[in-house]
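Participant: Got a structure here, written out as C-alpha cells. Questions coming.
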Number of protein chains: 2
Amino acid sequence: MPTIDVHTHVYPPSYMSLLRDRTTVPYVRNFPDAPDSTRLIILPGEDSPSTPSTSRGRPIGPEYFDISQKIAFMDVHGIAASVISLANPWLDFLAPEDSPAAAAALNDELQSLCAQHPKRLYFFATLPLSAPVDAVRAEAARLGTLPMCRGVIMGTSGLGRGLDDAALDPIWQALEEQRLLVFLHPHYGLPGEVYGPRKGEYGHVLPLAIGFPIETTIAVTRMLLSGVWERWAGLEVLIAHSGGTLPFLAGRIESCIAHDGHLKKEGRAEKMRSVWEVLKKNVYLDAVVYSEVGLRAAVEASGKDRIMFGTDHPFFPPLDGEETEWLSVKTNYAAIKQAFDGDADAAEAVLGGNAARILKLDV
Amino acid sequence: MPTIDVHTHVYPPSYMSLLRDRTTVPYVRNFPDAPDSTRLIILPGEDSPSTPSTSRGRPIGPEYFDISQKIAFMDVHGIAASVISLANPWLDFLAPEDSPAAAAALNDELQSLCAQHPKRLYFFATLPLSAPVDAVRAEAARLGTLPMCRGVIMGTSGLGRGLDDAALDPIWQALEEQRLLVFLHPHYGLPGEVYGPRKGEYGHVLPLAIGFPIETTIAVTRMLLSGVWERWAGLEVLIAHSGGTLPFLAGRIESCIAHDGHLKKEGRAEKMRSVWEVLKKNVYLDAVVYSEVGLRAAVEASGKDRIMFGTDHPFFPPLDGEETEWLSVKTNYAAIKQAFDGDADAAEAVLGGNAARILKLDV
C-alpha cells in the first residue's frame, strides 16, 4: 500500500500574489533589516517591531508555491499521493464581496494542479467563509464538479463566530449531503498574553506547539457542546495534529460535562453526544503528532482505521537547508513504526490504506 | 499496598473566613437570587451579572473545610492516606504585607490537621508568593520544621510573572535544597474570549476541561524553555491532571524547538533539556485524567513509577447529592484498572506505592 499524505499545504501562485499585495497580516514581504529573506507573516503579532528578524514569520520560498517542489518532496520521502490544501489563514481575511470569486479561482487552480499529476495529487478545497452563507453554500455545491476535490479545509473561526455558530448549519448540511469531509485546521492560536512576558525569547515554540493544538481542541469541543453532531450525525471531520489534544483530554471533557450543574439543569448533558463516540464515528485524525506516545493515544481514541499519515509540508523544514530528508517527517514516520511495532497491517493502513479508503483515492 | 490520594484539596477554616470577608474574586457568598446556595467564586468572570445562578461558581459546603468529611470521603473510596493541599487560588491574591503571616498560619493549621490524623493525612504547604522573595524563601525554609509537610502546591503565576521568571531562582534553589516537591496546579485558565460568544451556554466545561490543563502545559513549557531545569536539575514537579496535556504534546513541543530558527540562532535549542528527559527525571504526574487513553499516555511519557493516584476532591462532586461513591473518582479508578490490566504491580504502584516511596509516607 503506497504512502499518502493528507496534511500538506500549498499557497498557489494566485494566493501568493494576494499575500504579496498586502501590508497587514497575513502578508509576504522582505524587511529592510534582512532584505535577502522573504518572510511569510501569517500569525498575529509576528511582525511587531520588537520581534527579532529571526522569529519574524518564517522564510518562504518556492516550496510554498511551486508544485514541482511538492512532487520532489514527495519523491524524497516515499509519498505516493498527497491531498493538498491551502494553508492558513485561507480566505478568512478577505472582504465578503471578494471572497467567492477568490475561492472559486483557487479551487479551480488546485483542481488544475491535481489534474496535471494524476494519481499523485488530490485536494481539499477552500470555502469563501467571509461571504454571505448562500455564497458559501454555492461554492460547496460547485465542488462536486471538481473531480480531484475530496473535502474542504476550514479554520476554527467559521463565519467569524466559531464552529458552534448555528449560522453554519446550512454549510454543515451541504457538506454532509455531498459527503465532503472537513479538514479542521488551526490558525489563530491563543491570545499572546497567555505566553507571558518572556514569550519573545522562545521563537514560535509556544504558539505553534501549544496554541495551535489548543485552538483546535476548543473548536471541536464547542462543536460538540453546541450539538453540531446531534443535528448533523453524518458530518465527518479530519482534525489536524492528531486532534490537537482531544485524545488526551476527551476523558476530562466528558467528566466535566457529566459534572456540570448548569448543563444538567438545562437538560443538555444527557442529550449530548459522547466525546468518545464522536471520536470513533465522526472524527478522523492525522498522524502529525511527532511522538509514539501521542500517536498511540490518537489510535486508542479514534481507532487505527481512522488515522492518516501527514507531513505538514512545507512547514517545519530542516533548519540546515542541506538536509534532504526532513526531520519533521522522519519523526512522524518513526512514531508510526514504533506505535505499530508488530502490526504491519495497521502501520500500512495509517500510512496510506485508511486515506485511500476514506477519501476514495485512486493511487 | 494502600491507596494514596496526592491530589485532594481543603480550604481550612481560616482560609474560609478570608474568602467570606471578600467581595471580589475569589470569595464565598450567598446571592440574593439563590439565598440557600452558598457559592464559591474562584475563577475570573464566574460572577458576572449575565452568569446564570446555576453556573455561578460552585456550591460550597463542609466538604471543603471540615476535615472529618475528608476522612469520611477517604473511607468511602478506600483511600488510606491523603496528601492534602490548599485549593486554588491559594494566597496569590493577598497583599504582599499580609501574605507571609497568612501562609505561616495556614501551613501550621494544615500541619495540625494532619497531626490529628496520623498515617492518614500529609500535606503540601502554601508559599506567600505575593510577598518579597526573601519572605517566600523564609517560609520555604520553615517548612522543614513541619513534619507532615511533603512539598508545596503552587499555581502558574509564580511571583506574578509566571514560572519562567528568573526572580524565582532563590525559591527553586530552596525547594531543591530541601527536596520539597512542587505540586503544580492551574487556576487562571485562559482568557474568556477564546471560548467564543456562546461560552455562557456551556457551564464550566470549557475553562475546566481545556483552560486548566492548557494553563498547566504552558507553564511547564515556559519553565523548560527558560532553562529552569538546566539551572535546577534536582527540582521535582508533580504536575496536576496528568501533566495538563504535556504527555500528548511533548513530541510537538520537542519538534517545534528543534525547528525554531530563532532558538537555533540564539544557540538555545541544543542546550535545552529534552521534554522527554524532564518528564522522566524531574516530573511526576497524578492520575487525574479520567480515561484509560490519557493515563496510558501519561505512563508512557513519565514511567509507571512516576504516576500517582488522585481524586481532586472536593471538586467534581456527584450532581445527585445522594450518590456516595463519586463518579469522578470511579472514573479514575477504572482508568487505572484498564490501563494496567494484567500488571497488578504497576496498578498498585500508581494507586499508592509510588506516592509512599516518592513522598516518604508512613502508611
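The values are calculated or read from the model by the stated rules, or taken from the named source; none is laboratory data. Since the model is a prediction, treat every value here as computed from it, not as a measurement. Please note: Cβ atoms are built from the backbone with ideal geometry, for glycine as well, and neighbour counts cover all protein chains shown. Ligands, DNA and RNA are excluded from the accessible area calculation, which covers all protein heavy atoms including side chains. Shrake-Rupley method; radii C 1.70, N 1.55, O 1.52, S 1.80 Å.
Participant: Of all beta bridges DSSP finds with both residues in chain A, what is the antiparallel percent, to the nearest 5?
Facilitator: 20
Participant: Moving to a separate point now. Enter the accessible area per residue of segment A:120-221 (Å², integer; probe 1.4 Å; all protein chains in place).
Facilitator: 29
Participant: Hey, another quick one. Quick check on chain B: what are the equivalent-ellipsoid semi-axes from the Cα gyration tensor, as sqrt(5λ), descending, whole Å? Spell out each step's value before the answer.
Facilitator: On the way: eigenvalues 166, 120, 107 Å².
Square roots of five times the eigenvalues give 29, 24, 23 Å.
Participant: Can you give the local net charge around B:Val133? Use residues other than it whose beta-carbon is closer than 13 angstrom to its beta-carbon, Lys and Arg +1, Asp and Glu -1.
Facilitator: -2
Participant: Still on this structure, I have one more. Report the B-A buried area as the accessible area lost on both sides summed, probe 1.4 Å, in Å² to the nearest 100. List each step's numbers first, then the result.
Facilitator: Values: alone 15610 and 15580 Å², together 24940 Å².
Its buried surface, counting both partners, is about 6200 Å².
Participant: What dipole magnitude, in Debye to the nearest 20, does segment B:140-287 give about its Cα centre under +1 on Lys/Arg Cβ and -1 on Asp/Glu Cβ?
Facilitator: Its charge dipole is roughly 80 debye.
Participant: From the mean inverse distance of alpha carbon pairs (Kirkwood) and the Cα radius of gyration, derive Rg over Rh for segment A:98-255.
Facilitator: Working: Rg = 16.9 Å, Rh = 16.8 Å.
Result: Rg/Rh = 1.01.
Participant: May I ask you to list the lysines whose Cα is less than 29 Å away from that of B:Lys330, ignoring any residue fewer than eight positions away on the same chain?
Facilitator: A:Lys264, A:Lys265, A:Lys271, A:Lys280, A:Lys281, A:Lys304, B:Lys70, B:Lys119, B:Lys199, B:Lys280, B:Lys304, B:Lys360
Participant: I would also like to ask the following. Using the crude model of +1 on Lys and Arg Cβ and -1 on Asp and Glu Cβ, and no other charge, please compute the dipole size for chain B relative to its Cα centre, in debye to 20.
Facilitator: So the dipole magnitude of chain B works out to roughly 620 debye.
Participant: Let me ask something else about it. How large is log10 of I(q)/I(0) for segment B:298-363 at q = 0.15, 0.16, 0.21, 0.22 Å⁻¹ when the intensity is taken from the Debye formula with one equal scatterer per alpha-carbon?
Facilitator: -0.55, -0.61, -0.91, -0.95
Participant: Compute the accessible area per residue over segment A:238-363, keeping the other protein chains in place, probe 1.4 Å, unit Å².
Facilitator: Here the residues of segment A:238-363 average 35 Å² of exposed surface.
Participant: Just in segment A:235-271: which trypsin sites (Lys or Arg not before Pro) are loop by DSSP and have at most 13 other Cβ atoms within 10 Å?
Facilitator: A:Lys271
Participant: Further question on the same structure: Mind giving me the FRET efficiency for B:Ile71 and A:Asp305? R0 is 45 Å, r the Cβ-Cβ distance, nearest 0.05 is fine.
Facilitator: FRET efficiency, B:Ile71 to A:Asp305: 0.40.
Participant: Taking a point 7 angstrom from the Cα of B:Ala233 along the C-beta vector, which residues in segment B:280-324 have backbone N less than 18 Å away?
Facilitator: Residues B:280-283 qualify, since their backbone N sits under 18 Å from the label point.
Participant: Same structure again: Could you compute the net charge surrounding B:Phe309? Neighbours are other residues with a C-beta less than 12 Å from the C-beta of B:Phe309; K and R count +1, D and E count -1.
Facilitator: Net charge in that neighbourhood comes out at -3.
Participant: Report for the protein assembly as shown the percent antiparallel among DSSP-assigned beta bridges with both residues inside it, nearest 5.
Facilitator: For the protein assembly as shown, the DSSP antiparallel bridge percentage is about 20.
Participant: Every other copy gets compared here: list the nm distances from the B:Lys337 label point (7 Å along Cα to Cβ) to its counterparts, shortest first, one decimal.
Facilitator: Result for B:Lys337, in nm, nearest copy first: 3.9.
Participant: Give a quick list of trypsin sites (Lys or Arg not before Pro) in segment B:306-363 that DSSP marks as loop, anything other than H, G, I, E or B, with at most 14 other Cβ atoms within 10 Å. Numbers along the way, then the final one.
Facilitator: Values: sites: B:Arg306, B:Lys330, B:Lys337, B:Arg357, B:Lys360; in loops: B:Arg306, B:Lys360.
Filter output for segment B:306-363: B:Lys360.
Participant: Right, another one. Of the accessible area of chain B, with the probe set at 1.4 angstrom, what percent is carbon plus sulfur?
Facilitator: Carbon and sulfur atoms account for 54 percent of the accessible area of chain B.
Participant: If a/c stays under 1.5 just call it rounded; otherwise compare a/b with b/c (prolate if a/b is bigger, oblate if not). Do that for segment A:57-127, with a ≥ b ≥ c from the square roots of the Cα gyration tensor eigenvalues.
Facilitator: oblate
Participant: Please report how far the C-alpha centroid of segment B:102-120 lies from that of segment B:232-304, rounded to the nearest whole angstrom.
Facilitator: The two parts, judged by their Cα centres, are 32 Å apart.
Participant: Note every residue of segment A:159-192 with a reduction of at least 20 square angstrom in accessible area, all protein chains present versus the isolated chain, computed with a 1.4 Å probe, or write none.
Facilitator: A:Arg161, A:Asp164, A:Leu190, A:Pro191
Participant: Please report the orientation-averaged projected area of the protein assembly as shown, defined via the convex hull of its C-alpha atoms, in nm². Let's see the in-between values first.
Facilitator: Values: hull surface 118.8 nm².
Approximately 29.7 nm², given one-decimal rounding.
Participant: So, in Å, what gap is there between the alpha-carbon centers of segment A:1-61 and segment B:148-203?
Facilitator: For segment A:1-61 versus segment B:148-203, the Cα centre distance is 34 Å.
Participant: Explain nothing, just the number: dipole magnitude of segment A:230-363 about its Cα centre with +1 on each Lys and Arg Cβ and -1 on each Asp and Glu Cβ, in debye rounded to the nearest 20.
Facilitator: On the way: 16 positive and 21 negative charges, 176 e Å.
In total the dipole reaches around 840 debye.
Participant: Still on this structure, I have one more. Can you give the net charge of the other residues whose Cβ lies under 10 Å from the Cβ of A:His7, counting K and R as +1 and D and E as -1?
Facilitator: It works out to a net charge of -3.
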